[in-house]
Amino acid sequence: MNLFEEIEQAYKRIKNDVYQTPLLYSNWLSDHCNGDVYLKLESEQITGSFKARGSLNKLKWIQEQNINALPVTASTGNHGLGFARACDLLGIKGKVFLPHNAVTSKVKAIRAFDIEIEFHGDDPYTTEMYARKTADKQGWIYISPYNDTQIIAGQGTIGIEMLSHISPPDNLLATVGGGGLISGIGSYLKKQSPDTKIIGCQPENSPEMSVSVQSGEYKEVESKPTLSDGSAGGFERDSITFDLCKKLVDDFILISEDEIAGAIRSMIKHHSKLVEGSAGVAIASLLKHPERFADQTTIIVVCGANISEDKLQSVLCE
């Protein structure tokens, strides 16, 4: 797998159907760490998240391969929304499996696109296992939100956009869940700038990738409730992102729930930008260790804006 070439191909596929999101210079964060800090605002991406990139790249790749099997996925959040939008845009049939207790606002957002929805189970894991089993039985294609080369390559197109605006940074901060985002961007940046430090950011309540990478082997870690629902949970034992993270990620920073909430509030205060918890994790990582980024150029990937109303209320009322 030549992921660098896959990323370049992905960029050609999707560049006309996704937003080239702003790379915003942050005076607030730059002053805080005495460096130069840029925010890659994937929070302003179509569907409100970077996930629009990977899903679209995967589905366009499927079309190129003349694969006629039905694409399906299981997701209550940004991946499901990006997948639904991509199916709708390309005029192809697809199916999203959701748990019965999925947040109403997220179900409504997915329903806005011409996509079939099926409810099963009462938690994301049960729903995913059912979707995978059904896909295998029916001969459908199950599309993982991170454990897939074309998904990773689609997320990696963010790196191409970054380097079209500024020289390679000293540091990149990105939140890690399953690892697709940091694997894609990291693969592109490390090829272009081996000295750039790739720093993975995770909530203390859901640190499976960092624990596994630092131990050198897969470790199952119990995930506790977190504002960073977009990165919550673990990853598949055989995921290609695990080896990529071991190779690419130079360090991890873990963030508390209070620090995530503080970062969300600070983005509203200083930039008038609403971001979700997973984006707050990456921002909070620089706020927590400003001395590490002094006299350097740092890019923070602000990965999404889709925070639920109840989570936003809890953050603002603190």
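Just so it is clear, none of the values below were taken in a lab; they were calculated from the coordinates. Please read all numbers here as calculations on a predicted model, not as lab measurements. Note that each Cβ is placed from the backbone with ideal geometry, even for glycine, and that neighbours are counted across all protein chains shown.
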Report summary line: Sorted by chain and then number, the residues having a modelled amide H within less than 5 Å of the amide H of Y19, at least 5 places away or on another chain, are I46
Query raised in the report: Hey, what do the phi angles of segment 235-243 turn into as Karplus ³J(HN,Hα) couplings, whole Hz, using 6.51/-1.76/1.60 and θ = phi - 60°, x for Gly and Pro?
Result: 9, 5, 4, 9, 5, 5, 5, 5, 5
**Report entry** Only Lys, Arg (+1) and Asp, Glu (-1) charged, at Cβ; the chain dipole about Cα centre in debye
**Finding:** 780 debye
**Report entry** Unit Cα scatterers, Debye sum, the chain: log10 I(q)/I(0) for q = 0.06, 0.10, 0.11 Å⁻¹
**Finding:** -0.18, -0.51, -0.62
Requested in this report: Estimate the FRET efficiency between N101 and D243 by the formula 1/(1 + (r/R0)^6), using the beta-carbon distance for r and 51 Å for R0, to the nearest 0.05.
Outcome: 0.90
Requested in this report: As a check on your grasp of the helix formula, calculate [θ] at 222 nm for the chain: sum -39500 (n - 2.57) over DSSP H runs of n ≥ 4, divide by the residue count, round to the nearest 500.
Outcome: -14500 deg cm²/dmol
Query raised in the report: So what's the net charge close to N16: Lys and Arg +1, Asp and Glu -1, counting the other residues with Cβ under 15 Å from its Cβ?
Result: +4
Requested in this report: Hey, could you get me the Stokes-Einstein D for segment 51-142, Kirkwood radius over alpha-carbon pairs, 25 °C and 0.890 mPa s, rounded to whole µm² s⁻¹?
Outcome: 189 µm²/s
Query raised in the report: What list of ³J(HN,Hα) couplings, whole Hz, do you get for segment 312-318 from phi and the Karplus terms 6.51, -1.76, 1.60, once you set θ to phi - 60° and write x for glycine and proline?
Result: 5, 4, 5, 5, 6, 8, 6
**Report entry** Rounded, prolate or oblate (a/c below 1.5 giving rounded, otherwise prolate when a/b exceeds b/c) for segment 169-318 by Cα gyration tensor
**Finding:** oblate
Query raised in the report: Under the definition of Cα pairs under 8 Å and six or more residues apart, what whole-number percent is the relative contact order of the chain?
Result: 22 percent
Requested in this report: Could you pull out every residue, at least 5 positions away or on a different chain, whose amide H is within less than 5 Å of the one on I255? Hs are placed 1.01 Å off N in the peptide plane, and Pro or chain starts have none.
Outcome: Q202, E204
Requested in this report: Work out from phi, with θ = phi - 60° and the Karplus expression 6.51 cos²θ - 1.76 cosθ + 1.60, the ³J(HN,Hα) of each residue of segment 70-75, listed in order in whole Hz, and give x for Gly and Pro.
Outcome: 5, x, 9, 8, 10, 6
Requested in this report: For F119, list long-range residues whose amide hydrogen, built 1.01 Å from N in the peptide plane, is under 5 Å from its own amide hydrogen.
Outcome: L98
